[in-house]
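Please read the structure below before turning to the comments.
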Amino acid sequence: MTPSTPSPDHHDSDALRSPYEELAELAGSLAHEIKNPLSVIHMNVDLLSEELDDAEPAIRRRASAKIDIVREQCERMEALLRDFLRFATLRDIDLTPGDLNEQIDRVLRAYQAQADASQIDIERYLDQDLPAIMLHSDSLQAALMNLVKNALEAMPEGGQLLARTYATRTGVALDLIDTGGGMDDNTAMYMFEPFYSTKNGGSGLGLPTTRKIVDAHGGRISVQSEAGRGTKFVLTFPVPPRLQG
């Protein structure tokens, strides 16, 4: 029997794959392989913790401290893998006509309680005549949630978060402006690079994933910031000709 050969369609699809796509697929597979044994470790640590209930107090105290460290690192690695898989496996997404105002309003309402607790005023200036754009609701909201969450965390002593939408010459735009601590030029330069983070325990994948989502919408994201004076993110999205008018 002669060896089978790939069909022309299969061969062509492989030829069209970029090195980045192949690397992303390999990285995603590796992350899945790491995730499985990590989950087993986490589960057995929890079981071991339960078995220590019958141990002598001094032994239980010393062992529990070590178990807490292992559990904490497992949870950190699991969070990192979740962020990485989200980043590595993001591909083309199905876009449908939608309202950018509705997307940002949902996200702001989700964080209203946290903002109130932190004494942060959320101001909305949403253009009610904003044209529709092509969007994927779940992924776009995930990107916006990351930006809003970062903005709130940048204002631990309170402040203001302003969300503004408006039409541009070629589409629509969203400004997210906070009065937090801002960032230096070096942080602003590298903040969209994978694994770059200024947060303790941060994965450094939140903003890179946000940029990938915006890119998948045909949009762009930019940042302006000054240490001590706050940060402004600008997201722009095109309006397809068939949705204009």
Members of region 117-136 that are within 17 Å of Gly180 (Cβ to Cβ) and not β-branched (Val, Ile, Thr): Ala117, Ser118, Gln119, Asp121, Glu123
Quick check: is even one residue across region 159-175 of a type in the set (Val, Ile, Thr), closer than 28 Å to Lys35 by Cα, modelled with pLDDT under 95 and surrounded by fewer than 15 Cβ atoms within 10 Å (Cβ to Cβ)? no
Of the residues in region 81-136 that are in contact with a His (Cβ under 8 Å, 6 or more places away or on another chain) and modelled with pLDDT of 90 or more, the one that is surrounded by the fewest Cβ atoms within 10 Å (Cβ to Cβ) is Thr96
Members of region 47-82 found to be of a type in the set (Asp, Glu) and within 25 Å of Leu207 (Cβ to Cβ), listed by number: Glu72, Glu75, Glu78
Reported set for region 105-133 where residues are in a strand (DSSP E or B) and under 26 Å from Pro240 (Cβ atoms) is Arg124, Tyr125, Ile133
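The values are calculated or read from the model by the stated rules, or taken from the named source; none is laboratory data. Keep in mind that what you see is a predicted model, and the values were worked out from it rather than measured. Note: ideal-geometry Cβ built from the backbone for every residue, glycine included; neighbour counts use all protein chains shown.
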